[in-house]
Amino acid sequence: MSRHPSVEAVNRFFETGHLPEPLKAVMEETVRYRDTILSLIAEDDPELTVGLRKLLEAKDCFIRAKVAEVNKAKGNSNEGAPLPRPNEIV
């Protein structure tokens with residue numbers, strides 16, 4: 001079934017092929033959720049597009065969390081540490 005162009009525009013960012021494991025596993029879970037939502041909501045609507053955009057934002061957060069976890073497991077002691085405060089605001 002063809003979806004509205006705004007829905008398709010968001011859907012293109014849910015590709016998984018370019019990601020390495022374990023990021024791909026996190027992304028695939030997000031894609032499964034997206035697919036479930038799209039099967040439950042057949043009629044395209046502005047709110048559906050907004051919901052998909054928010055899911056995309058959440059996916060980005062999940063991916064960053066997994067990257068941080070992997071980096072920490074590799075011994076990156078700076079991972080998760082607060083950023084240094086600048087001496088002055090420019």
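Hey, could you check the stretch 2-50 for residues that are of a type in the set (S, T, N, Q) and in a loop (DSSP other than H, G, I, E, B) and say which is surrounded by the fewest Cβ atoms within 10 Å (Cβ to Cβ)? Show your work before the answer.
Applying the first criterion (of a type in the set (S, T, N, Q)) to the stretch 2-50 yields 2, 6, 11, 16, 30, 36, 39, 49.
This time we only want the ones that are in a loop (DSSP other than H, G, I, E, B), so: 2, 16.
On the way: S2: 7, T16: 13.
Here the residue is S2.
Starting from the stretch 15-32, take each residue that is touching a residue at least 40 places away in the same chain (Cβ under 8 Å) and under 19 Å from A68 (Cα atoms) and list its partners that are of a type in the set (F, W, Y) and surrounded by 10 or more Cβ atoms within 10 Å (Cβ to Cβ), counting only C-beta distances under 7 angstrom and pairs at least six apart or across chains.
V26/F62
Just so you know, all these numbers are worked out from the coordinates, no wet-lab data involved. It should be emphasised that the depicted structure is a prediction, and the values quoted were computed from it without experimental measurement. We place every Cβ from the backbone using ideal geometry, glycine too, and count neighbours over all the protein chains shown.
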